[in-house]
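The values are calculated or read from the model by the stated rules, or taken from the named source; none is laboratory data. All values reported here derive from a predicted model rather than from experimental measurement. Neighbour counts run over all protein chains shown; Cβ positions are idealised from the backbone, glycine included. Note: accessible area is taken over every heavy atom of the protein model, side chains too, but ligands, DNA and RNA are not part of it. Shrake-Rupley method; radii C 1.70, N 1.55, O 1.52, S 1.80 Å.
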Amino acid sequence: QVQLVESGGGVVQAGGSLRLSCAASRNIFSFNRLDWYRQAPGNQRELVASLFSGGRTNYPASVRGRFTISRDNAKNTVFLQMNGLKPEDTAVYYCSGVYLDKNYWGQGTQVTVSS
């Protein structure tokens with residue numbers, strides 16, 4: 001079946017940068033949309049970046065200007081570049097993709113931003 005595997009999480013100081021990767025078991029262009037979500041303890045899962053099939057992207061105000069979603073079709077990978085990280089960005093980050101009208105999820109990768 002479809003599998004998504006995140007990597008690249010870790011501990012970084014406030015103001016630092018981190019690049020997350022999500023490797024897909026299928027061609028990345030097979031997905032109708034690709035997303036990054038995050039969930040901090042006690043919080044709801046929050047959508048932080050979307051990439052649509054036509055190339056359009058979307059970001060909430062909380063990360064706009066700091067986070068960038070992109071893809072590499074040859075590597076079947078979607079990325080989340082995170083700059084200017086803040087302690088409130090600390091969460092488990094998940095990638096998600098819609099394939100054949102079904103939503104698939106990765107296992108998550110922990111991002112911790114120290115103050």
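Miscellaneous remarks
- Hits in the stretch 1-27 - residues which are open to solvent by 60 Å² or more (accessible area, probe 1.4 Å) and among the charged types (D, E, K, R): ARG19, ARG26
- Given (1) over 17 Å from GLY8 (Cβ atoms); (2) touching a residue at least 24 places away in the same chain (Cβ under 8 Å); (3) not aliphatic (A, V, I, L, M), index of the condition TYR93 fails: (1)
- Close Cβ contacts (under 6 Å, 6 or more residues apart or on different chains) running from residues in the stretch 34-52 that are over 11 Å from LEU80 (Cα atoms) to residues that are part of a loop (DSSP other than H, G, I, E, B) and open to solvent by 50 Å² or more (accessible area, probe 1.4 Å) comprise GLN39/ARG45.
- Looking across the stretch 1-34, the residues that are at pLDDT below 90 and either over 15 Å from LEU51 (Cβ atoms) or of a type in the set (A, V, I, L, M) (or both) come down to GLN1, VAL2, ARG26, ILE28.
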